[in-house]
Amino acid sequence: MQQRDDTQQGATTVAPDRSEKSPSEFSRYALCVEYAGGNYRGWQTQKEKDVPTVQETVEAALSKIANEPISVICAGRTDACVSGTYQIIHFDTTAERNLRGWVMGTNTQLPDDIAIRWAKPVDNSFHARFSALERRYRYLIYSSPVKPALLSKGVTWTHKKLDISAMQEATKYLLGEHDFSSYRAIACQAKSPVREVRAMNIYTAGELIVIDVRANAFLHHMIRNFAGVLMTIGAGEAKPVWAKEVLEARDRTQGGITAPPYGLYFVDVKYPEEYELPKSQLGPYFLMQNG
């Protein structure tokens, strides 16, 4: 199965058929979805049958509450086993439900590892993907000689001791607008490898090391490839300048390993203030906030 990109690459989700109804008969809603991705083959519905995805699970639950088929568009497609604390979706419907019904009702139809956090009516100009101005991820690393039993699918474990200062030094080479060919998956479908990384911070939060990244958009496996390079540098196996050398090579084969999906969280999306969406609390909620 081809894995999907970490945020967006031309979503193929089909919106409800409007051929026999005027736009005025539909209402558009924005919802925030939180999910633990360990049990799912990513966000995007797959062509294969019996492949669990977050999207199809959410659509099935919303369809029951609406009593009509619901198709959703997301802010950014996440890969297999990647989690989300602030995934924004939108959908159009003829159903009339109050906001509590969309949230609480839908949650009664969802498994324990997916939850609707809030719902808000929006006008037809809002688009969960195309209206987004910026996206943010956090990658959580547990560095310890002994593997963790708790959150085994919620953090990435390494037995190696990581030098945070070396990792922090390396991030300066990744800031700004660049061709990130070396940091995207070979199977990445994005038309352009150019992205703008607006901030990248590395810090400790309790026993965890956090890589916190903001960008206008991300390529397939981009953050996991960042993490792979930064963890190699943190382990003393390469100098911080290696992050720059990898970037300038524009060759994925020069980039080292792709870090595991566990521990990667989609935590925020920025939209124009006019939509007045509730702000992200920058999860995951169990993380000791320090950045």
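The values are calculated or read from the model by the stated rules, or taken from the named source; none is laboratory data. Just so it is clear, the structure is predicted and the values come from calculations on it, not from any experiment. All Cβ positions, glycine included, derive from the backbone under ideal geometry; neighbour counts span all protein chains shown.
Might you check whether a residue that is under 16 Å from the mean Cα position of the chain (by Cα), in a loop (DSSP other than H, G, I, E, B) and surrounded by 24 or more Cβ atoms within 10 Å (Cβ to Cβ) occurs anywhere in the stretch 222-237? Before you say what the answer is, go through the steps one by one.
Within the stretch 222-237, the subset under 16 Å from the mean Cα position of the chain (by Cα) is 222-227.
From the residues that got through so far, the ones that are in a loop (DSSP other than H, G, I, E, B) too are none.
Looking through the stretch 222-237, none of the residues is under 16 Å from the mean Cα position of the chain (by Cα), in a loop (DSSP other than H, G, I, E, B) and surrounded by 24 or more Cβ atoms within 10 Å (Cβ to Cβ).
For the stretch 166-196, which residues satisfy the criterion of being farther than 17 Å from V210 by Cβ and in a helix (DSSP H, G or I)?
S181, S182, Y183
Only residues that are in contact with a Leu (Cβ under 9 Å, 6 or more places away or on another chain) and either at pLDDT below 95 or of a type in the set (F, W, Y) (or both): list them for the stretch 217-242, please.
The answer is F226, and nothing else.
Please go through the stretch 51-93 and give me each residue that is among the charged types (D, E, K, R) and over 22 Å from A259 (Cα atoms), ordered by number.
Looking only at the stretch 51-93, we keep the residues that are among the charged types (D, E, K, R), and these are 56, 59, 64, 68, 77, 79, 92.
Within the stretch 51-93, E56, E59, K64, E68, D92 qualify.
Go through the stretch 56-85 and report how many residues are under 22 Å from H221 (Cα atoms) and either of a type in the set (K, R) or under 13 Å from the mean Cα position of the chain (by Cα) (or both).
Residues that pass the stated criteria total 12.
So, in the stretch 115-165, exactly how many residues are among the polar types (S, T, N, Q), buried (at least 20 other Cβ atoms within 10 Å of the Cβ) and outside any strand (DSSP E or B)?
Number satisfying all stated conditions: 1.
Might you let me know whether the stretch 250-259 holds any residue that is over 25 Å from A80 (Cα atoms), touching a residue at least 60 places away in the same chain (Cβ under 8 Å) and surrounded by 19 or more Cβ atoms within 10 Å (Cβ to Cβ)?
no
Considering each residue of the stretch 60-75, count those that are buried (at least 19 other Cβ atoms within 10 Å of the Cβ) and closer than 18 Å to D113 by Cβ, and give that number.
Selection size over the stretch 60-75: 4.
Taking only pairs six or more apart or across chains, which ones have beta-carbon atoms under 6 Å, a first residue in the stretch 179-192 that is in contact (Cβ under 8 Å) with a residue 60 or more places away in the chain, and a second residue that is outside any loop (DSSP other than H, G, I, E, B) and polar (S, T, N, Q)?
S182/Q254; Y183/N225
Only one residue in V246, V241, V269 is β-branched (V, I, T), under 20 Å from Q87 (Cβ atoms) and in contact (Cβ under 8 Å) with a residue 40 or more places away in the chain, so which one is that? So that I can check it myself, show each step before the final result.
Numbers: V246 fails: under 20 Å from Q87 (Cβ atoms); V241 fails: under 20 Å from Q87 (Cβ atoms).
After applying the criteria, what remains is V269.
Among the listed residues Y271, Y275, Y285, which satisfies the condition of being surrounded by fewer than 16 Cβ atoms within 10 Å (Cβ to Cβ), over 26 Å from K161 (Cβ atoms) and at pLDDT 95 or above? Before the answer, list the steps.
Numbers: Y271 fails: surrounded by fewer than 16 Cβ atoms within 10 Å (Cβ to Cβ); Y285 fails: at pLDDT 95 or above.
Of the residues listed, the single one that is surrounded by fewer than 16 Cβ atoms within 10 Å (Cβ to Cβ), over 26 Å from K161 (Cβ atoms) and at pLDDT 95 or above is Y275.
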